[in-house]
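A.B. asks: Got a structure for you, written out below as structure tokens; questions coming shortly.
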Amino acid sequence: MQAGHHEETPNALKASMERGGVPQQLQQEIIRLSDFHTYPAPGVLIGAFMVDYAMELLGVTADQKLYGVCETPKCLPDALQVMAHITTGNNRLKIVPIGKFAITINAASEDATVEAVRVYVDLVKLKEYPTIDVWYANSPVFDKHTMKGKLMDEIFTAGRNILSSERVRVTVHKKKKWSSVTCPCCGETVPDYLIEGDHCGACGSMKYYNIV
Ligand SMILES: [Zn+2]
């Protein structure tokens, strides 16, 4: 953990949530989420409100089998994982690296498409919250050494007020049938639908290591 991450103590987080009037149950979720993420990053704090809002709009709870799409790999996936149990490991989380702070959640469905709720950070609404606005824009005006506390307070004061939502339809991805194929290059096996021509991804376009 980097030294800077210790600046927000658990007490500072709790006090900031209290000042913002964050409901107790959501506070508990935010503490769990911050622990999972290793520190209360602004992106995960906003993400907590996004997931909470999306689930309420969809009328679902984390006990249900939910699916999600996250439009950025930064921070936001952890809110889906911790609060909605939509994880990379259970294969219900798809990360589409569009670079927007937005999520889509839907319930399980047997149909080809299903109604989902998309929640996103609304740039117009953000104008009411100048510190979040400059942080979100990655503006040089945002000084993380002096403005982090103010940013956290603004995030908890704003809550859902910086978010907008829309009803959308998304494609339901069926589980693929597959068989195991041995790569002639490395001798390891992969599912047939992941083979690249005559070799596996590690021997091809997804090579990421060299044997030492
Ligand atoms: Zn291979």
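The values are calculated or read from the model by the stated rules, or taken from the named source; none is laboratory data. Keep in mind the model is a prediction, meaning the values are calculated, not measured. Because the Cβ atoms are built from the backbone with ideal geometry, glycine has one as well, and the counts that use them run over all protein chains shown.
A.B. asks: Looking at the range 151-174, which of the residues that are part of a helix (DSSP H, G or I) and of a type in the set (D, E, K, R) is farthest from the ligand (Cβ to nearest atom)?
C.D. replies: Residue satisfying both the conditions and the ranking: D153.
A.B. asks: Only one of V170, V190 is over 29 Å from E115 (Cα atoms) and either surrounded by 10 or more Cβ atoms within 10 Å (Cβ to Cβ) or in contact with a helix residue (DSSP H, G or I) (Cβ under 6 Å, 6 or more places away or on another chain) (or both); which?
C.D. replies: So the residue among V170, V190 that is over 29 Å from E115 (Cα atoms) and either surrounded by 10 or more Cβ atoms within 10 Å (Cβ to Cβ) or in contact with a helix residue (DSSP H, G or I) (Cβ under 6 Å, 6 or more places away or on another chain) (or both) is V190.
A.B. asks: Across the range 34-50, what is the number of residues that are without any contact (Cβ under 8 Å) to a residue 60 or more places away in the chain and closer than 23 Å to Y129 by Cα?
C.D. replies: Total satisfying the criteria: 7.
A.B. asks: Moving on. Taking into account only those residues within the range 175-188 that are touching a strand residue (DSSP E or B) at 6+ places or on another chain (Cβ under 6 Å) and closer than 25 Å to R92 by Cβ, which is farthest from the ligand (Cβ to nearest atom)?
C.D. replies: The residue in question is W178.
A.B. asks: Just to be sure before I move on: is A202 assigned to a helix (DSSP H, G or I) and within 13 Å of the ligand (Cβ to nearest atom) in the structure I sent?
C.D. replies: Yes; evaluated as a whole, the condition is true for this residue.
Residues are listed down the side, and each one gets a yes or a no for (1) among the polar types (S, T, N, Q); (2) more than 21 Å from K74 (Cβ to Cβ); (3) under 19 Å from the mean Cα position of the chain (by Cα):
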residue	(1), (2), (3)
R118	no, no, yes
A137	no, no, yes
F142	no, no, no
K148	no, no, no
T171	yes, yes, no
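A.B. asks: Would the range 186-197 turn up any residue that is in a helix (DSSP H, G or I) and of a type outside the set (A, V, I, L, M, F, W, C)?
C.D. replies: yes
A.B. asks: Right, another one. Residues that are in contact (Cβ under 8 Å) with a residue 60 or more places away in the chain, outside any loop (DSSP other than H, G, I, E, B) and either of a type outside the set (V, I, T) or on the phi > 0 side of the Ramachandran plot (or both): does the range 104-112 have at least one?
C.D. replies: Among the residues of the range 104-112, at least one is in contact (Cβ under 8 Å) with a residue 60 or more places away in the chain, outside any loop (DSSP other than H, G, I, E, B) and either of a type outside the set (V, I, T) or on the phi > 0 side of the Ramachandran plot (or both), which makes the answer yes.
A.B. asks: Sticking with this one: Go through C185, C200 for me and flag whichever is outside the structural domain of M55 (by TED's automatic domain parsing), over 23 Å from G21 (Cα atoms) and surrounded by 13 or more Cβ atoms within 10 Å (Cβ to Cβ).
C.D. replies: Matching residue, one of C185, C200: C200.
A.B. asks: Applying the selection to the range 189-199, what residues are within 11 Å of the ligand (Cβ to nearest atom) and within 32 Å of the chain's Cα centre (by Cα)?
C.D. replies: Answer for the range 189-199, where residues must be within 11 Å of the ligand (Cβ to nearest atom) and within 32 Å of the chain's Cα centre (by Cα): T189, V190, L194, I195, E196.
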